[in-house]
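Step one of this worksheet: look at the structure below.
What follows draws every value from the coordinates through simple rules; no lab data is involved. Computed from a prediction, not measured in an experiment: that's the story for all the values here. Don't worry about glycine lacking a Cβ; one is built from the backbone with ideal geometry, like all the others, and counts go over all protein chains shown.
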Amino acid sequence: MSIAEMEIKKFEKTGCAENDVFYQAMEEVIYSIAPLLESDVKYTKNAVLERLIVPDRIIKFKVTWFDDNQNIKVNTGYRVQFNNALGPYKGGLRFHPSVNEGILKFLGFEQILKNSLTGLALGGAKGGSDFDPKGKSDFEVMKFCSAFMTELHKYIGPRIDIPAGDIGVGAREIGFLFGEYKKITSSYEGVLTGKPFMFGGSLMRPEATGYGVVYFTERMLELEKKEPLKGKICTVSGSGNVALHAIEKLQQIGAITVSCSDSSGTLYDPRGVDIVLLKELKLVNRGSLTEYLKTYPDAKYIPTSDYPEGGHAVWNIPCYAAFPCATQNELTEIDAQNLIKNGCVSVSEGANMPSTAQATNLFLYNKICFAPAKAANAGGVVVSSFEMSQNAAMARWTFEEVDEKLKITMQQICTRVALTAKDYGVEGNYVDGANIAGFKKVADAMMAEGI
Ligand code: NDP
């Protein structure tokens, strides 16, 4: 039995389906770090894995609020404070009906290694609620956010735990959460990142994750001696914060992005999507992607229900580089086969764990340049840390300053991942490189801090 199999055997699976994504993330990490565990017994001797995969604490609470018709609504709120060996807990809040403890454990676990990879002094956490902001009025979102923060404020603070946004939590929600925190605590401090610029947010935080994934990909293609993205066809999934800004950056560097998607279907515009229109439709009007066809009737919208089960239309479009930026496990084995068959050279994960384990293995086996989420989408947390620095110093950096620092940091992360993979005999495997580099730093800190 291999060392990875022995480690995995130690963890009793609960049989509860909601933990599946957490086990998926954990098993990938354990298989990846096997070369490190084999080369140095101190990690198994000190039971670092057993300690790392159990969150420090999971906070679960009731959120009660009034809708616009004065009906009382009840949701569940969570904060998973996973590990603070490297610094205060840090990670986003997700508001989506699918949110449960298992999803947040998976996201929190990934966040520990992501934050470690950035080189910043940040621990890992994640939180959120099964509340769905979609279709709610601004007033309802505000009522919910106030009720959510009434509980959450007890557990967070600028040196304790600093939440940010994620799916369903953008500048509007962060604004309402910040306002309530300020009211309850009477203190004006950088307890949340992703704040609007007018009250302490950093310029470029909305763009950070999407731009960052493109910066990472450019560096990876350079290191792997592949052609750059300029002039190449790219496909992107999702049409939220990460997807739209990835498309915007791809367009700025001269790539042609022909797709985006939402939970109902895929938009395909072979001339390249109009990002200005998309931003207006999704970020300003919060409308549907089908609205795009009113301006561009030649573009196609392929409903998810029209596509054969098990795959997604967006990954059947021939491309040089693919950017899954919607949600976990949105890119399946069938999708990976289609991408490979159509000549795709590079896949970069903007969303958290968008590729299934089978899809990831196919990419690695076929030597596709594969940028895993915990490295490629670290741009959001990087600029969040810039926001924390600006808040602490009461400073304001320009857009260009933040952008330049982000680009350099993403390139450094990419190089660190590539070098680590080489050092451990898995050159070109950015999954193993990211997991080993991220794990090693947290594990060394945990051992140095005692049990
Ligand atoms: P948003 O809420 O802004 O957008 C999410 C997008 O994904 C929407 O277009 C949504 O469509 C789509 N989507 C959701 N579920 C599905 C599904 N099952 N199938 C297809 N599309 C789906 O979220 P973000 O852009 O902020 O986050 C996207 C991903 O990036 C998440 O995995 C998140 O964890 C990750 N991430 C985000 C960071 C950030 O800075 N925001 C930082 C690092 C990672 P619809 O509108 O129809 O629901």
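The base-10 log of I(q)/I(0) for segment 297-388, evaluated at q = 0.19 Å⁻¹, reads -0.85 [Debye formula, identical scatterers on Cα atoms, solvent excluded]. For segment 242-301, the square roots of the Cα gyration tensor eigenvalues, ordered a ≥ b ≥ c, give a/c of at least 1.5 with a/b no greater than b/c, which places it in the oblate category.
Entry for the chain at q = 0.08, 0.13 Å⁻¹: log10 I(q)/I(0) = -0.43, -1.20, Debye formula applied to identical alpha-carbon scatterers, no solvent contribution.
Karplus-based coupling profile of segment 177-189, in residue order and whole Hz: 5, 5, x, 5, 4, 4, 5, 6, 9, 6, 10, 9, 9, with θ = phi - 60° in 6.51 cos²θ - 1.76 cosθ + 1.60 and x standing for Gly or Pro.
Shape class of segment 110-204 from the Cα gyration tensor (axes a ≥ b ≥ c, square roots of the eigenvalues): prolate, since a/c reaches 1.5 or more and a/b is larger than b/c. Computed on segment 179-239, the Cα convex hull volume stands at 131 Å³ per residue.
With contacts taken as Cα pairs under 8 Å at a separation of at least 6 residues, the chain carries a relative contact order of 15 percent.
DSSP loop GluC sites (Glu not before Pro) in segment 1-46 with at most 10 other Cβ atoms within 10 Å of their Cβ, which ones? Here the GluC sites (Glu not before Pro) that fit, given the DSSP loop and packing criteria, are GLU12. Each DSSP beta bridge with both residues in the chain is either parallel or antiparallel, and the antiparallel ones are about 60%. Let me make sure I get this right: for segment 171-308, a, b and c are the square roots of the gyration tensor eigenvalues over alpha carbons, sorted descending. Under 1.5 in a/c it's rounded, otherwise prolate if a/b > b/c, else oblate. Which is it? Since a/c reaches 1.5 but b/c is at least a/b, the shape of segment 171-308 is classed as oblate.
When only the Cβ of Lys, Arg, Asp and Glu is charged (+1, +1, -1, -1), the dipole of segment 208-371 relative to its Cα centre reaches about 360 debye. A viscosity of 1.567 mPa s and a temperature of 4 °C, combined with the Kirkwood radius over Cα pairs in Stokes-Einstein, give a translational diffusion coefficient for segment 374-451 of 92 µm²/s. Segment 234-336: which trypsin sites (Lys or Arg not before Pro) are DSSP loop and have at most 12 other beta-carbon atoms within 10 angstrom? Counting only loop positions with at most 12 other Cβ atoms within 10 Å, the trypsin sites (Lys or Arg not before Pro) in segment 234-336 are ARG271, ARG286. Here segment 232-272 is treated as a Stokes sphere of Kirkwood radius computed over C-alpha pairs; at 20 °C and 1.002 mPa s its diffusion coefficient rounds to 214 µm²/s. Net charge dipole, the chain: roughly 780 debye, given to the nearest 20, about the Cα centre with Cβ charges of +1 for Lys and Arg and -1 for Asp and Glu. Here the Kirkwood formula puts the hydrodynamic radius of segment 317-451 at 16.4 Å, using every distinct Cα pair.
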